[in-house]
Amino acid sequence: MDTKKLDIEAITLLQQAPETEPERQYFFMEELKKWYQAQVERLKRPLTFSVQTFGCQMNAKDSEKLAGILKTVGYEEVEGENADFVLYNTCTVRENANTRVYGRIGYLGNLKKKNPEMKIAMCGCMMQEAHVVEKIKKSYRFVDLIFGTHNIYKLAELLYLRIHGPKMVIDILESTEQIVEELPSERKFQFKEGVNIMYGCNNFCSYCIVPYVRGRERSRRPEDIIEEMQKLAAAGVTEIMLLGQNVNSYGKTLAQPVSFAELLKMAEKVEGIRRIRFMTPHPKDLSDEVIEVMKHSEKICHHVHLPMQSGSSRVLKVMNRKYTKESYLALVERIKEAMPDVALTTDIIVGFPGETEEDFEDTLDVVRKARFSSAYTFLYSKRTGTPAASMPDQVPDEVAKERFNRLLAVVQEISAELAEADTGKVVEVLVEERNAQDASLMTGRMANNLLVHFPGDEELLGQYVKVSLNECKGFYYIGERVK
Ligand code: 5AD
Ligand code: SF4
């Protein structure tokens, strides 16, 4: 880390900071509070911040941690980039996520010229790639802070260093064994929340950059996870999403190993929690025990997001997914047999290197057989440093796009058929928000993860209500409340 130009007082304070975490960060938050007050007096206005999140739920959760730290310091949160501190929590899973970020850093530079108080932080997955950091250092000198995925918790310390030291503070850890929790977090929803159960991924699917930017698997201790759930329940949260890159691997590396199925059973017992979800299981090791626990659970939603990536056993092998078309379909059958009302969703990549028309037909075949209630479909994106990036026979863009469109048509047709079949039913939903397009409608989420919009007001937020699914709109419904 570049700490060369620190002032003397700041150095003295740095030496006084506790060495252990999270105490160290609370120390810096206290120091920043004093600094913050001085700024408010000088400027005669509060300072504002905004976190722009790209990518997955893990990033969304990290952003809540960033916001929690800044709110503790005193900053006020605003939407959009017109703020005194703008943080970009980036994603690099596909190239277009990177392109979007570069496109916007330039715009931030213009805003900074107009607001001398403005600070800019770039963090998250993209920053774990050396070429990205080099590019920012070279082409975007106005960025104040650069940090990665392993030290999100250090925001207070890094901001402190930036204020007292160099113009650009860069702190990237290659990897970590550490898990730092117990820091403030600013929850987006009062009634539902994600809880990290593990970090990192050891699978090294050949197309995927995640293991390189999020590091090796580390599980939190079950008692810490349950305690966090209890605290959230006490604060009014009723729906929990257990988060991990590969939740089935949960607990394997703990001093006292615990399986994901065992963790689910413990989570089920937390009073006040009504719904439990999890994201993401890997098809290669979603155990029968987990299916059994889900089947008998009162709280675990019957929704399984089961990324298939490809339906071709040949492609799956090259992807290093460690299952075949047949074993994936067999797993789908076991899940459906145990839970006939289950909603299955998936991720599919089109145009992986060497994918032939025949391979693609296999993907369509699995989609038709598994009947997903929805699927995220992606064009293969070459990620530098992954094995797939240097594989021969990269599929031409036009071919991949043409397959993508065919896949989408099949996926959408099946989604609509499944949704249509539930039209007229009465379901329980958790009311999540006011509809952005039509303010007379509220939006509720069903256990199967689908949304229904229905007339209602904000009093209903966070409540579980019964709604009839009057009209199917493809992948969502228009409904009305029933008593
Ligand atoms: N190209 C396209 N899609 C990808 N994903 C991961 N890496 C890539 C890539 N290089 C998709 C996978 C994964 C989801 C989160 O992103 O489908 O499940
Ligand atoms: Fe990437 Fe595969 Fe790990 Fe998922 S399981 S994060 S696709 S390497």
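The values are calculated or read from the model by the stated rules, or taken from the named source; none is laboratory data. Because the structure is predicted, anything quoted here is derived from the model rather than measured. Glycine gets a Cβ as well: all are built from the backbone with ideal geometry, and neighbour counts include every protein chain shown. Accessible surface is based on the protein model in full, side chains and every heavy atom, while ligands, DNA and RNA are left aside. Shrake-Rupley method; radii C 1.70, N 1.55, O 1.52, S 1.80 Å.
Data for the structure
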| read-out | value |
| --- | --- |
| Pair list, Cβ < 7 Å and 6+ apart or interchain, from the range 436-453 residues that are open to solvent by 50 Å² or more (accessible area, probe 1.4 Å) to residues that are not in a strand (DSSP E or B) | none |
| Top-ranked residue in the range 239-256 [being away from ligand 2 (no atom under 11 Å from the Cβ) and buried (at least 20 other Cβ atoms within 10 Å of the Cβ); ranked as nearest to the chain's Cα centre (by Cα)] | Leu243 |
| Lone unmet requirement of (1) crowded, with 17+ Cβ neighbours inside 10 Å; (2) away from ligand 2 (no atom under 16 Å from the Cβ); (3) under 17 Å from Gly68 (Cβ atoms) for Asn196 | (2) |
| Filter result for Asn151 (modelled with pLDDT of 90 or more, over 25 Å from the mean Cα position of the chain (by Cα) and among the polar types (S, T, N, Q)) | no |
| Unique match (being at negative phi and of a type in the set (D, E, K, R)) among Lys44, Lys34 | Lys34 |
| Qualifying residue in the range 337-344 (condition: in contact with a helix residue (DSSP H, G or I) (Cβ under 9 Å, 6 or more places away or on another chain) and within 14 Å of ligand 2 (Cβ to nearest atom)) | no |
| Residue identified as outside any helix (DSSP H, G or I), of a type outside the set (S, T, N, Q) and surrounded by fewer than 18 Cβ atoms within 10 Å (Cβ to Cβ) among Glu271, Glu289 | Glu271 |
| Leu306 vs. criteria within 18 Å of Ser249 (Cβ to Cβ) and either among the aliphatic types (A, V, I, L, M) or within 16 Å of ligand 2 (Cβ to nearest atom) (or both) | yes |
| Lys336 vs. criteria open to solvent by 20 Å² or more (accessible area, probe 1.4 Å) and free of Cβ contacts under 8 Å to residues at least 12 places away in the same chain | yes |
| Leading residue by the ranking (farthest from the chain's Cα centre (by Cα)) among those in the range 300-327 that are of a type in the set (Lys, Arg) and open to solvent by 40 Å² or more (accessible area, probe 1.4 Å) | Arg314 |
| Strands (runs of 3 or more DSSP E) (entirely within the range 34-126) containing at least 3 residues that are open to solvent by less than 10 Å² (accessible area, probe 1.4 Å) | 85-90, 119-124 |
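Each row is one residue, and each column tells you yes or no for (1) in a helix (DSSP H, G or I); (2) without any contact (Cβ under 8 Å) to a residue 40 or more places away in the chain; (3) surrounded by fewer than 22 Cβ atoms within 10 Å (Cβ to Cβ); (4) within 16 Å of ligand 2 (Cβ to nearest atom).
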| residue | (1), (2), (3), (4) |
| --- | --- |
| Val133 | yes, yes, yes, no |
| Lys137 | yes, yes, yes, no |
| Phe142 | no, yes, yes, no |
| Ile170 | no, no, yes, no |
| Glu177 | no, no, yes, no |
| Val180 | no, no, yes, no |
| Pro184 | no, no, yes, no |
| Tyr207 | no, no, no, yes |
| Arg216 | no, no, yes, yes |
